[in-house]
Every structure is written in C-alpha cells, then in structure tokens.
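Some notes on the structure that comes next.
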Amino acid sequence: MTAKTKIGIIICDRYRSCAGGKCFRALQNREGAFDIYKTDEEVELVGYTSCGGCPGGNIEYAPEEMKKNGAEIIHFATGFVVGYPPCPYIHHFKDFIEEKYGMKVVIGTHPIPQKYYITHSKLGTWNSTEWNKFIKPTLGDEEIRLDYN
Ligand code: SF4
C-alpha cells in the first residue's frame, strides 16, 4: 500500500440519487468499513458510481475505470447489505472484481444505520456465516449505528 491510498466506491443503484453524505462522513472520520485506514493515512476517492441496476452491469466496467485512476481498493457501499433485500449478487461481484482486476473489495462504507439493523435482525436476513462476514466491517455498536440512523 502506498502513502496515499486511492479507493473507489460503488453504490447499489436503488440508492442512485444518494448524495453520499454518510459515506463521505464515515470516510472523513474513519468509521464503519473505513476504519481499516489510519487517521493519518491519506485516502483519496478516485471514483464513485452505481452498480448500474440489477443485475449490476456496471460492475463489469466501472472498476477498470477506477483502477486507471489508481484505485487499489473498491468499497461496496453499505446499501449493498442493508437494502431490502440485500444485494443477491454481492459475492459474485466481489469475486469478479478481485479476480478480473486484482483489486481488493471491501464490503461496506458507513456504519449500518440502527433502523436497518433492527429490521434485518427481525427478518433474520443476515443469519448465515456468509452474511455475518459481509456485515462485519460496518456492524459497529449500537451507539455508532444510532449516530448514522
Ligand atoms: S441489489 Fe445489487 S445488483 Fe441490484 S441494484 Fe443493488 S447492488 Fe445493484
């Protein structure tokens, strides 16, 4: 990893009009999935786009563009895991980008908002080893989830 880390963010197209407020705040504060970066580490966002809508046509091309801008890591926005239902293609997308472009994929951006946490907990959406792994970077604790509600 270089002194400056360049990243790209891909959001779920269901939230395509999102202005990215929670993602940018979390990046600035190194919260949620961005806590993997040290506070004194420079992180530059070099690409931000949506998946293109189900079944994610933009996943095939957007990472290439981000890589050309120097991105080393792609974050799937937290909307991928909190949507109703969460993205059913998430593991395919992750495997594809890592295999095709040799870039690391991190699932999540900002902490999961508490309102989504409550509903998905009741629905049992994340009751599997795989989904436990996918939500881990953005699960946080109740205090931070409420802060991003
Ligand atoms: S559910 Fe997945 S494929 Fe569908 S719009 Fe969201 S991220 Fe894209």
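Listed by chain and number, the lysines whose C-alpha is less than 29 Å from the C-alpha of Lys38, apart from same-chain residues fewer than 8 away, are Lys4, Lys6, Lys22, Lys67, Lys68, Lys94, Lys100, Lys104, Lys115, Lys133, Lys136. Among Thr119, Thr39, Thr109, the ranking by other beta carbons within 10 Å of each residue's beta carbon, starting with the fewest, stands as Thr39, Thr119, Thr109. Calculated mean residue ellipticity at 222 nm for the chain: -11000 deg cm²/dmol, from DSSP H runs with n ≥ 4 weighted as -39500 (n - 2.57), summed, divided by the residue count and rounded to 500.
For the chain, the relative contact order comes to 28 percent (Cα pairs under 8 Å, sequence separation of at least 6). Based on alpha-carbon atoms, the Kirkwood radius and the radius of gyration of the chain give Rg/Rh equal to 0.94.
With neighbours defined as other Cβ atoms within 10 Å of a residue's Cβ, the residues Phe34, Phe80 order from fewest to most as Phe34, Phe80. By the count of other C-beta atoms within 10 Å, a proxy for reagent exposure, His120, His110 are ordered fewest to most as His120, His110.
Read-outs: derived from the displayed coordinates by stated rules, not from any lab. Computed from a prediction, not measured in an experiment: that's the story for all the values here. Using ideal geometry, Cβ is built from the backbone for each residue, glycine included, and neighbour counts are taken over all protein chains shown.
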